[in-house]
Amino acid sequence: MLHFYLKPHCKLSFLVLLLWVSLLVDSNSGFELDDSLTYIWPLPSAFTSGNRTFTVDPTLSLSVLGKGGDSKILKEGFERYKKIIFKHASEISLFQKLRGISFVYDISELRIIVNSDSEELQLGVDESYTLFVAKNDGKSIVGEATIEANTVYGALRGLETFSQLCSFDYDTKSVQIYKAPWYIKDNPRFAFRGLLLDTSRHYLPIDVIKQIIESMSYAKLNVLHWHIIDEESFPLEVPSYPKLWNGAYTKWERYTVEDASEIVSFAKLRGIHVMAEVDVPGHAQSWGAGYPDLWPSSSCREPLDVSKKFTFELISGILSDCWTSTPHIKQWLNDHNMTAKDAYQYFVLKAQEIAISKDWTPVNWEETFNSFSSELRPRTIVHNWLGPGVCPKAVAKGFKCIFSNQGAWYLDHLDVPWNEVYSAEPLEGINNVSEENLVLGGEVCMWGETADASNVQQTIWPRAAAAAERLWSKREAVSVQNVNSTVLPRYHYFRCLLNRRGVQAAPATNYYARKPPTGPGSCYEQ
């Protein structure tokens, strides 16, 4: 084995090492892309491509048109993607300067047209876009690269797709677009494409949450379901009830109001909603660390005390079990002729009433639908998790539904392979068009019992991307037939793209989702 020891000012050793590294870079790994496949993730709705290769100017300029052209979201988005696309821009400039190259690029300007100046981010906002990449030959009005969208959020999705078309060529040290010209007309299949992130079982620093939001945008996910609190910890500051975050693990593992606002703003710049979850009446032991009166008793600390007005006052301010074994609650139940099940229904419906009075839409885990569907408010969204078959029942009764079948889309279930995540279908068992329209979409869930800042990204990725394509792309386009030949190479490629962008995505096909590689090998074949 050769060893190189570099000493200060030792130019010879440095040159020898450079040569050695060059030989390694030039070696052929044997991996080749399959030209019959389209390496864009998630797969666009409709597209055509050609057989030419275009070069992209490292000083790519932005031209904005339309009512939304002055959007800060758009301009910051362009700058973010420009840094991704031209990560090696300094190498390109140095390479050309050293060789005296004067280069004429095929693509020197990205034109973005946004037809609306509204930046309102609501569920169902128009995320469609068209993307043209064509060389201006003087014969057509279409030239270079153009993204057109009705909203700035559609433009962001177009920018992501454009960035995936751009590839750095190490031989010529230029950014190239293969299989050009491109015409892409794209829109999401579902409005709700979510990732649940649990920060109650293990605290995640703000920067880690931001990294996860950033990575979500690469797969065109658009909802961060922030499960901030649970029975183990209450890390969130609630100014009107300042003792609540006494339930945090430590005084350093907390989120201030400013932190939460920063997360929401950061997500909006990437077209991602933040849906914060207040989990009640169960899973709420941590609430009583600051307000013990919320506990039924000191020895029985959840669910929240249904008999006290203070409980509902607190819920309003921030938005058989203990109830039958605690004397004052048992008496309250008797006085109101209620069982524990009746009290659970009472609690949920009162919480829904509070939410609706503030013009919020209540989203309930499926237990409420399974227990008393006829009593739920019509605006209720049923969130499936226990297993298949819930969304068909919910939409048949007129409720909207979110699909998160734990057998396929719980990311903490490490033994679920990527292809089972990919094959899960939110509309399974629903054949009526009007009922299909009530399925808002779906969500993969990153529960945090066995994940913290050290391994959360490789637990999320790349399996979350498998669900992301199911939620974005047309159902017929992501057929589960022959996934090993039609999907797996693209899935490998996207995993490696995440790695190149600094996301710690695990090998694609390891049995135990976040296991590291077992030996040397290409990123594209793990």
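The values are calculated or read from the model by the stated rules, or taken from the named source; none is laboratory data. Everything numeric here is computed off the predicted structure, so don't read it as measured data. Please note: Cβ atoms are built from the backbone with ideal geometry, for glycine as well, and neighbour counts cover all protein chains shown. Note: accessible area is taken over every heavy atom of the protein model, side chains too, but ligands, DNA and RNA are not part of it. Shrake-Rupley method; radii C 1.70, N 1.55, O 1.52, S 1.80 Å.
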**OP:** Mind listing just one residue for me: the one in the range 227-275 that is touching a Lys or Arg at 6+ places or on another chain (Cβ under 8 Å) and of a type in the set (Phe, Trp, Tyr) and, of those, modelled with the lowest pLDDT?
**Re:** 245
**OP:** State whether the residues of the range 457-480 include one that is of a type in the set (Val, Ile, Thr), open to solvent by 60 Å² or more (accessible area, probe 1.4 Å), farther than 27 Å from residue 206 by Cα and modelled with pLDDT under 90.
**Re:** yes
**OP:** Pull up the range 41-89, narrow it to residues that are over 29 Å from residue 189 (Cβ atoms) and β-branched (Val, Ile, Thr), then point me to the one that is most open to solvent (accessible area, probe 1.4 Å).
**Re:** 59
Original post:
Among the candidates 252, 226, which residue alone is more than 22 Å from residue 80 (Cα to Cα), crowded, with 22+ Cβ neighbours inside 10 Å and not small (Gly, Ala, Ser)?
Top reply: 226
**OP:** Restrict the check to the range 492-503 and report whether at least one residue is open to solvent by less than 10 Å² (accessible area, probe 1.4 Å) and under 12 Å from residue 421 (Cβ atoms).
**Re:** no
Original post:
In the range 229-246, how many are in contact with an Asp or Glu (Cβ under 9 Å, 6 or more places away or on another chain) and open to solvent by less than 10 Å² (accessible area, probe 1.4 Å)?
Top reply: 5
Original post:
modelled with pLDDT of 95 or more, on the phi > 0 side of the Ramachandran plot and among the basic types (Lys, Arg), is that true of residue 173?
Top reply: no
Original post:
If you take the residues of the range 396-417 that are of a type in the set (D, E, K, R) and under 23 Å from residue 463 (Cβ atoms), which of them is most open to solvent (accessible area, probe 1.4 Å)?
Top reply: 415
Original post:
Which residues, taken from the range 365-395, are open to solvent by less than 50 Å² (accessible area, probe 1.4 Å) and either polar (S, T, N, Q) or farther than 21 Å from residue 425 by Cα (or both)?
Top reply: 368, 372, 373, 376, 380, 384
**OP:** Among the residues of the range 385-414, count how many are farther than 13 Å from residue 190 by Cβ and more than 21 Å from the chain's Cα centre (by Cα).
**Re:** 13
**OP:** Filter the range 202-238 for residues that are under 8 Å from the mean Cα position of the chain (by Cα) and among the hydrophobic types (A, V, I, L, M, F, W, C) and give the result.
**Re:** 212, 213, 216, 219, 221, 223, 224
